[in-house]
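Below: one structure, written as structure tokens.
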Amino acid sequence: MNGATRKASLSAEELRRAFDANFAAPPARRIEDIEQFLALRIGGTAYALPVLDISGYSAARPIVAIPSPIPELLGLAGVRGTLLPVYSLEALLGSPVGSEPPRWFVQCKDTDPVALGFSIFEGHLDLPRSEIRATTGGEDAARHVRRLLRADDEVRAVIDVASVLKAIRERVAALESSKEP
């Protein structure tokens with residue numbers, strides 16, 4: 001037997017072992033069992049924002065303030081070529097708004113394009129759905145929280161983006177109906 005034949009047979013043996021080892025190992029976690037989040041902090045509270053509920057996030061852009069009776073509305077900003085109303089996520093969750101403008105924007109998936117601004121972005125989370133639990137809503141920030149998750153020995157409230165957007169629409173609708181004669 002020459003060296004080339006021996007080398008090829010060793011490679012085949014190694015491939016056979018690797019193939020068998022794949023079936024002996026526990027199955028890899030399926031992608032559909034994983035949910036992705038952005039980790040952020042608002043008013044000292046750890047939150048998570050589902051990635052599926054947003055169409056993008058970026059460093060904040062300059063915000064042009066506009067007069068509005070809605071205190072959560074920070075103004076307008078150009079995000080990815082679109083002029084969007086920017087709302088303070090801190091204010092919408094019941095926390096006081098800081099004196100500094102937000103450092104981050106998330107653009108929500110919705111028929112009405114909206115950006116939510118916040119200051120502290122802590123990273124990305126990929127978690128198995130088994131680490132996420134349902135909860136009941138309450139007042140203030142809890143009204144926009146339907147689930148909790150545990151990541152890195154810390155419990156995070158999962159922001160229900162649909163609930164936040166519904167609250168914005170209700171505020172705007174109430175304002176518009178109060179203007180009608």
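I'm trying to understand the selection: among the residues of the range 43-65, which are under 17 Å from D126 (Cα atoms) and either touching a helix residue (DSSP H, G or I) at 6+ places or on another chain (Cβ under 8 Å) or part of a helix (DSSP H, G or I) (or both)?
L49, P50, V51, L52, D53, I54 - these are the residues of the range 43-65 that are under 17 Å from D126 (Cα atoms) and either touching a helix residue (DSSP H, G or I) at 6+ places or on another chain (Cβ under 8 Å) or part of a helix (DSSP H, G or I) (or both).
Does the range 118-135 hold any residues that are surrounded by 12 or more Cβ atoms within 10 Å (Cβ to Cβ) and either closer than 22 Å to G94 by Cα or among the aliphatic types (A, V, I, L, M) (or both), and which are they?
F118, S119, I120, F121, E122, L125, L127, I132, T135
Would you pick out the residues in the range 83-111 that are within 13 Å of P62 (Cα to Cα) and surrounded by fewer than 17 Cβ atoms within 10 Å (Cβ to Cβ)?
L83, E100, R103
Could you check the range 31-56 and list, in sequence order, the residues that are over 12 Å from the mean Cα position of the chain (by Cα) and either without any contact (Cβ under 8 Å) to a residue 40 or more places away in the chain or more than 25 Å from D153 (Cβ to Cβ) (or both)?
Within the range 31-56, I31, E32, G44 meet the criteria.
Go through the range 89-118 and give me each residue that's without any contact (Cβ under 8 Å) to a residue 40 or more places away in the chain and either within 14 Å of the chain's Cα centre (by Cα) or assigned to a helix (DSSP H, G or I) (or both).
A91, A115
Read-outs throughout are calculated quantities, based only on the coordinates presented, and are distinct from any laboratory measurement. Only a predicted model underlies this, so the values are computations on that prediction, with no experimental measurement involved. Ideal geometry is used to build each Cβ from the backbone, glycine not excepted, and the neighbour counts take in all protein chains shown.
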